[in-house]
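Have a look at the structure below before the remarks.
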Amino acid sequence: MANCCICGKKLGMLSGVSLSFQYDGAIICNECNEYHLRLKKLARTKQIDADELHEVREYFQTWSASGKTTQQAQECLEEEWKEVNENEQKYLEFQERKDFFMTTTGYQFEGYQIIEYLNVMSGEVVLGTGFFSEINAQISDFLGTNSELFEGKIAKAKEAAMDNLINKALHAGANALIGIDFDLMTLTQNIIVVSVNGTAVRIKEKA
Ligand SMILES: [Zn+2]
């Protein structure tokens, strides 16, 4: 018998997962493990989902504040949070720079002139397994009523692909993208790639 090192819940012989932390004797219950996996994912990703981050942060903070989380687990989590916080910081900085970045499906901006053409660039996002089987099931069940869910997924993927592209353009010294064009490609039955490309340029306001 042991207690979960995050929430303190009593764990039986067969419940709980060990080795989630890199020290001996730490056992984590299934629910805390789910959140811990989500935390690890947040530490790896560059595109922080604010809602996801908020939910995961709140979960760990609640247990921590209740005093159930062991000191050792606290220390381990802190290391992981450091990475997540850095990612969040970078993402917020990116969002700020993005506010001043201009994009168009056309080839010019009213009141601006293009002073330099950089490269044609692209940003991609891969939507994984289950996407189509889910769609098929939903369509046959609802004939469209639930397609909003998938439109939402595609919209999110488009946004992420766009962020990806803008990030590349910013790094190349661009302040705008022209000729924005989206593409959807299917790689296999279960993998769909959302890509966007455009030409990175530098623009300045006309005198
Ligand atoms: Zn737990």
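Taking residue 200 as the residue in question, decide whether it is on the phi < 0 side of the Ramachandran plot, at pLDDT below 95 and not assigned by TED's automatic domain parsing to the domain that holds residue 47. Criteria not met by residue 200.
So, in the stretch 175-207, exactly how many residues are surrounded by 12 or more Cβ atoms within 10 Å (Cβ to Cβ) and free of Cβ contacts under 8 Å to residues at least 60 places away in the same chain? Spell out how you get there, then give the answer.
Filtering the stretch 175-207 for residues surrounded by 12 or more Cβ atoms within 10 Å (Cβ to Cβ) gives 175-180, 182-184, 186, 190-204.
Then keep just the ones that are free of Cβ contacts under 8 Å to residues at least 60 places away in the same chain; that gives 182-184, 186.
The total comes to 4.
Just to be sure, is residue 15 modelled with pLDDT of 90 or more and over 24 Å from residue 153 (Cβ atoms)? Break it down into steps so the answer makes sense when it comes.
Details: modelled with pLDDT of 90 or more: no; over 24 Å from residue 153 (Cβ atoms): yes.
No, not satisfied.
For first residues located in the stretch 11-39 and under 17 Å from residue 84 (Cα atoms), partners that are at pLDDT 65 or above and of a type in the set (D, E, K, R) and lie 6+ apart or on another chain with Cβ distances below 9 Å form the pairs 35/55; 36/80; 38/52; 38/55; 39/57; 39/80. For the criterion of being of a type in the set (S, T, N, Q), crowded, with 16+ Cβ neighbours inside 10 Å and modelled with pLDDT under 90, residue 138 passes.
Going by what's in this entry, would residue 88 be described as open to solvent by less than 100 Å² (accessible area, probe 1.4 Å), of a type in the set (D, E, K, R) and at pLDDT 95 or above?
Working: open to solvent by less than 100 Å² (accessible area, probe 1.4 Å): yes; of a type in the set (D, E, K, R): yes; at pLDDT 95 or above: no.
The answer is no for residue 88.
Among the residues making up the stretch 112-127, those that are modelled with pLDDT under 95 and either aliphatic (A, V, I, L, M) or open to solvent by less than 40 Å² (accessible area, probe 1.4 Å) (or both) are 123, 125, 126, 127.
The values are calculated or read from the model by the stated rules, or taken from the named source; none is laboratory data. Since this is a predicted model, take the numbers as computed values, not measurements. Heads up, the Cβs are rebuilt from the backbone with ideal geometry, glycines too, and the neighbour counts pull from every protein chain shown. Ligands, DNA and RNA are excluded from the accessible area calculation, which covers all protein heavy atoms including side chains. Shrake-Rupley method; radii C 1.70, N 1.55, O 1.52, S 1.80 Å.
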